[in-house]
1. Which one of these is on the phi > 0 side of the Ramachandran plot and either in contact with a helix residue (DSSP H, G or I) (Cβ under 7 Å, 6 or more places away or on another chain) or surrounded by 20 or more Cβ atoms within 10 Å (Cβ to Cβ) (or both): Asp299, Asp292, Asp272?
2. Does Glu50 qualify as being of a type outside the set (Ser, Thr, Tyr) and without any contact (Cβ under 8 Å) to a residue 24 or more places away in the chain?
3. Looking only at the range 198-209, decide whether some residue is over 18 Å from Ser164 (Cα atoms), free of Cβ contacts under 8 Å to residues at least 40 places away in the same chain and not in a strand (DSSP E or B).
4. Just one of (1) crowded, with 17+ Cβ neighbours inside 10 Å; (2) at pLDDT 95 or above trips up Val8, so point out which.
5. Would you check which residues across the range 319-335 are surrounded by 14 or more Cβ atoms within 10 Å (Cβ to Cβ) and part of a strand (DSSP E or B) and list them?
6. Could you list, in sequence order, all residues of the range 156-175 that are surrounded by fewer than 19 Cβ atoms within 10 Å (Cβ to Cβ), free of Cβ contacts under 8 Å to residues at least 40 places away in the same chain and in a loop (DSSP other than H, G, I, E, B)?
7. Based on this model, can you work out whether Ser143 counts as touching a Ser or Thr at 6+ places or on another chain (Cβ under 9 Å) and free of Cβ contacts under 8 Å to residues at least 12 places away in the same chain?
8. Enumerate the strands (runs of 3 or more DSSP E) found wholly within the range 212-312, keeping only those where 3 or more residues are within 20 Å of the chain's Cα centre (by Cα) and closer than 29 Å to Leu201 by Cβ.
Amino acid sequence: MKRFLSFVTALCVAHSINCLGNNLIKPGELWTDNTGVHINAHGGGILYHEGMYYWYGEYKGAYTYRAPGVGWECYRTETGGVSCYSSKDLYNWNFEGVVLQPDTLNPHSDIHPSMVIERPKVIYNDKTRKFVMWMHIDNYNYSKAASGVAVSDSPTGKFTYIGSMRPNGQESRDMTLYKDDDGKAYHIYSSEGNSTLYISLLNDDYLAPSGKYTRNFIGKSREAPAIFKRNGKYYCVTSGCSGWSPNEAEYAIADHITGPWTAIENPCRGKDADKTFYGQSTFVLPVVGKSDCYIMMFDKWNKNHLIDSRYIWLPIQFSGDSITIPWREEWKIPE
């Protein structure tokens, strides 16, 4: 599949980016893979498996357009599938390819280029030895509001698409996955017109809802969930609902992943914290082998040129059970 090399090369020159040998994280700057091409993995999440990190995300097409007949700013690209990048150090990433390919032959397919694939997340099932991907599946005007599932024998695919559903009979848009210490997995998604966040226990094979779920932040219109666990407490970072425009983040704490959740405040600190540094939450990554080292991952959307959307990664700081996410121009993962 075409990787838009000329576009990225121009950006590298324009921003004077050293495309190889990264040893710093520079939030919001152009981030390239080990061949010098802009990392194309938006709305993503990261899986750690057998000493390697795998970053999955939306593989955006080069052309951005606004969907006709839609009231809100429905900017989008043709669906390019789900990409995967691998890394051992979280700085330097190898492109593993498009591991969930779009179905270009069937115009009625959930993953046809005319459809929408967003926020793909992958977890590993120790019992079935399958890598399971969930994603937000939608049509051009976002009225389908479903979740899709795909599986693979390898973290680098290829993933086989199984199909889509409205989990628990409800709409599903912005979403994430969380695999707990006991091996149970949860699908967390915005529903009811994005007014409520559902936390749904999956079946043992992770391929379908178990039927057990809770409704959280009812009427609060929170989306873009990112969940992690620390010292027996669960944390959920979300954004407000304002389309592609940035808004204020919020975090909440619970003693159990299914709630009840207590909303706290905006964790962001520094310039433009009230706009989440012009980003939107997508995932929290615990760095393996590093005590109290968690990375908050945001997308910095460019609605007029979505392939050029950037990535904001920042360290989470702790004070007791409270968290803050301070802005940094650049930083290193603790040794």
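The values are calculated or read from the model by the stated rules, or taken from the named source; none is laboratory data. Because the structure is a prediction, the values reported are computed rather than measured. Cβ sites come from the backbone with ideal geometry, for glycine too, and all protein chains shown count toward neighbours.
1. One residue alone meets the criteria, Asp272.
2. yes
3. Within the range 198-209, not a single residue is over 18 Å from Ser164 (Cα atoms), free of Cβ contacts under 8 Å to residues at least 40 places away in the same chain and not in a strand (DSSP E or B).
4. Only one criterion in (1) crowded, with 17+ Cβ neighbours inside 10 Å; (2) at pLDDT 95 or above is unmet by Val8, namely (2).
5. Ile323, Thr324, Ile325, Pro326, Trp331, listed by residue number.
6. Passing the criteria: Arg166, Gln170.
7. Numbers: touching a Ser or Thr at 6+ places or on another chain (Cβ under 9 Å): no; free of Cβ contacts under 8 Å to residues at least 12 places away in the same chain: yes.
No, not satisfied.
8. On the way: elements: 223-230, 233-239, 250-254, 262-265, 280-286, 294-300.
Where strands (runs of 3 or more DSSP E) fall fully within the range 212-312 and carry at least 3 residues being within 20 Å of the chain's Cα centre (by Cα) and closer than 29 Å to Leu201 by Cβ, they are 223-230, 233-239, 250-254, 280-286, 294-300.
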